[in-house]
Each structure stands twice: as structure tokens, then as C-alpha cells.
Amino acid sequence: MAALVGTGASVTFNSSILAEPLSINLSGATRTFIDSTSMATVGGMEFIVGSLYDPGTLEIECILDNPDADFDTMMTKAVESVVITFANGNKWTATGGASEFGMAIPLEDKMTFTLSIKLSADWAHAAS
């Protein structure tokens, strides 16, 4: 199997406020393990695999091409649909809400912003 590159990937939201992504990172997806160890347990601890999981956080770094955009409303919006489209056309769709926003305004370089989206519920996957 050949490796994929990120060139050509995109992220879209219902709000359509995002511009040109530089990086897309998904992290923090976790699943709960419930400790079922008792006084009768001998050896290793025992766990029950939980049926719920945390889908994690999506962090997107983008070129800031419109400093007049109303970014603060992103922090107060309800959850919305988030779609990652990979360069090969496959799509991952989830819902989430903005949890963190920051921007960088360097000397003699492009301005960027970083947006963190706390995901909620399941991802839906669709092959191209």
C-alpha cells in the first residue's frame, strides 16, 4: 500500500468560515475501560471495555486571509457538521463545536489561525 500525502485535503464546516488549511490534526480519541478488579482478583487487574468513546479533538491550522471575519462567533455557535475530505476523495464527517481559537501574526510571513473543535458523537466514513 502506498502512503498518502495531505496535499489536497480540506475541511469544511456549515459556517464556511475556514480558509486554506495548512495542517489538520485529530487527537485525543479515547475509550473508557472500567476497573472490575475485586479482592478475589489474582495477578493482573481486570477491566471491562466501555461501550462509549470520546471522538477526540480536531485542530486545524489555516492561513488567515480575512482578518475581518467574525471569528469570535465560532466560539459561541452550537455544534455543527465538520467534513474532512482526504486527497483521495474519502470523507470523514462528524459534529463538533469550537473549543479554542488562536492566531499568529508574524513579521514578514503569512498570518495563520488555529481552531480546535471538540468532536461529539460518531464519525461517519465514506469512500470516494
Problem set entry | Within the stretch 58-100, tally of residues that are of a type in the set (Val, Ile, Thr), closer than 26 Å to His125 by Cβ and not in a strand (DSSP E or B) | 1
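From the list Thr76, Thr112, Thr95, Thr37, exactly one residue is at pLDDT 90 or above, more than 28 Å from Ala3 (Cα to Cα) and not basic (Lys, Arg). Which is it? Steps first, please.
Working: Thr76 fails: at pLDDT 90 or above; Thr112 fails: more than 28 Å from Ala3 (Cα to Cα); Thr95 fails: more than 28 Å from Ala3 (Cα to Cα).
Unique residue meeting the criteria: Thr37.
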Seminar exercise, completed: With the first residue restricted to the stretch 49-61 and required to be farther than 15 Å from Phe13 by Cβ and open to solvent by 80 Å² or more (accessible area, probe 1.4 Å), and the second required to be assigned to a strand (DSSP E or B) and among the polar types (S, T, N, Q), Cβ contacts under 7 Å at 6 or more apart or on different chains are Leu52/Thr32; Tyr53/Thr30
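The values are calculated or read from the model by the stated rules, or taken from the named source; none is laboratory data. Here the structure is a predicted model, which is why all the values come from computation and not from measurement. Positions of Cβ are backbone-derived with ideal geometry, glycine not excepted, and every protein chain shown enters the neighbour counts. Surface accessibility is based on the protein's heavy atoms, side chains included, excluding ligands, DNA and RNA. Shrake-Rupley method; radii C 1.70, N 1.55, O 1.52, S 1.80 Å.
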